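Each value in this text was obtained by applying a stated rule to the coordinates, not by laboratory testing. For clarity, every value in this text was computed on a predicted model and none was experimentally measured. In this analysis, Cβ positions are derived from the backbone assuming ideal geometry, glycine residues included, and neighbour counts consider all displayed protein chains.
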Amino acid sequence: MTPISLPTPTVGVPLPGRGCDCNACAFYAGADGRGGPATVEALCSGTNSDCRFCGCAASEADAPQNACVTRKCPIRCGSRTDIAQWMADVGGTLQFDDISIDGELPDGLPSFIPMTDGSSVTRLDASLNWPAYGVGLRRVYSPETHTLYPRFTEQTARQALDLKPDQQAVLVGYGEDPLVEAFWTNRQRDGLVERIAAQEWDLVLSCNYSIYGDWPRTEHLLNMRRSLLLAQEFAEAGVPVVPNLYWFRLEDLERYLAWIEDAPPPAIAVNVQTVRDNNTWDTWERPGLHWLAANLPTDMPVILTGLSRANRITEMVQLFGTRLTLVSQNAHQYALHGAIMTPNGREDVHARTEDAFASTVQYMASLLPPR
């Protein structure tokens, strides 16, 4: 399908082209970097060939005003009737130049951080005295009510988890798309960032906004900026925070690198827990991680969430060495079924939950270089 050329509406902010039309897009850079007639910010080399949305009804030249039913369509593209509002919502730009995430990682983080369900860790930690525990966003912010659970608003995170004074609490701000979208939409109205800051987490891994291969580039660009903006809001609230990086093309990684070199965050995080099949890992995630390892500043810490296969962990250790931190929920998930992780994979040994948990935590930590 050939995109329909339509003029870019003048609304005070740069807009993507309707119907993924590069000539009408404010962000088109083109292969030569010069862009097209509507270019304002040259950020994108062109349309996503796998996009399923650039030919929707709203992109047609004679589409009625109500063709884009924005309440039902979750995709942000140039054909949306409210795309100007989304552009204004991210500050009227898709660049990274105005974003700065200041702060430091807490001292004493272990190379492996197990995730739990947000309840007391006393039983799981009985034989471990592990330095840090992670909790996923859905354990703190309800997917059903889109409110913070009282358990985490009526006490600090450390108190909610029954941590010892020398143990650290890490909020892993990842979740399914409806959850993180609700967090973005409600964060200012409900003061979510400030209220999470009041919970005194030792570290927050900021939300990641998804980038799927069959989505339009507008959605990619918006979500990359939103991920960094949210991390900046946490940093401004005094929270030790690490931004999450998602990418789709080499140009995305290059933009991240330029930003990191100009305004380095305390670390970068990458959520790989959604990359389960080998094809996606080999063609997308793995090449990107290799590129980051080769190009990031050598002192930039890297936090990977969701890596559980021993061969993948070994490869990432070879790439990042002692600057790698791994966060995973596998130890807890396996332990609930009396199973453990071993060099041969999962083994159902029918162990007590706390014993199975300790075994997997120690095994996964053994795959990482000591600090």
Can you tell me which of G306, G191, G136 moves the most in a GNM of the chain? Springs connect C-alpha atoms under 10 Å apart. G191
Based on the Cβ-Cβ distance from T353 to D282, what FRET efficiency comes out when R0 is 22 Å, to the nearest 0.05? 0.05
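For T298 and E176, FRET efficiency with R0 = 45 Å and r from the beta-carbon atoms, rounded to 0.05? Don't skip to the end; give the middle numbers.
Details: r = 35 Å, r/R0 = 0.77.
Efficiency for this residue pair is about 0.85.
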Roughly what would the spin-label model give for E200 and D32, points 7 Å off Cα along C-beta, in nm? 6.1 nm
I need the GluC sites (Glu not before Pro) found in region 105-209, filtered to DSSP loop residues with at most 11 other beta carbons within 10 Å of theirs. E144, E154
Work from the charge dipole of the chain (Cβ charges, +1 for Lys and Arg, -1 for Asp and Glu, about the Cα centre) and give the residue of H337, C77, S308 farthest towards its positive end. H337
Approximate spin-label separation A88-D107, in nm, with each point projected 7 Å along Cα-to-Cβ: 4.8 nm
Could you tell me how many degrees, from 0 to 90 and to the nearest 10, lie between the Cα long axis of helix 250-262 and the main elongation axis, the longest principal axis, of the Cα atoms of the chain? 70 degrees
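Beta carbons within 10 angstrom, averaged per residue: use that to sort the peptides 119-125, 109-115, highest first.
109-115, 119-125
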Once each part is reduced to its C-alpha centroid, what is the distance from region 140-207 to region 312-371 in angstrom? 25 Å
Low-density loop cleavage sites - trypsin sites (Lys or Arg not before Pro) in region 174-238, where at most 10 other Cβ are within 10 Å (DSSP): R189
In nanometres, what is the gap between the two model label sites at T342 and K164, each 7 Å from Cα along Cα-to-Cβ? 2.9 nm
How much mean residue ellipticity at 222 nm does the chain get from its helices, if each DSSP H run of length 4 or more adds -39500 (n - 2.57) and you divide by all residues, to the nearest 500 deg cm²/dmol? -8500 deg cm²/dmol
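Report the FRET efficiency, 1/(1 + (r/R0)^6), for Q95 and Q362, where r is their Cβ-Cβ distance and R0 is 51 Å, rounded to 0.05. Can you show the working numbers first?
Numbers: r = 44 Å, r/R0 = 0.87.
Efficiency at R0 = 51 Å is approximately 0.70.
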Quick check on region 171-229: take the gyration tensor over C-alpha atoms, sort the square-rooted eigenvalues as a ≥ b ≥ c, and tell me if it's rounded (a/c under 1.5), prolate or oblate. prolate
Find the Cα radius of gyration of the chain, compare it with 2.2 N^0.38 Å by division, and give the number to two decimals. 1.04
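Where both partners of a DSSP beta bridge lie in region 112-366, what percent of those bridges are antiparallel, to the nearest 5?
Details: 5 of 29 bridges.
Just about 15 percent of them are antiparallel.
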Quick one: which of 14-24, 325-335 comes out on top by average Cβ neighbours within 10 Å, and what's the full order, highest first? 14-24, 325-335
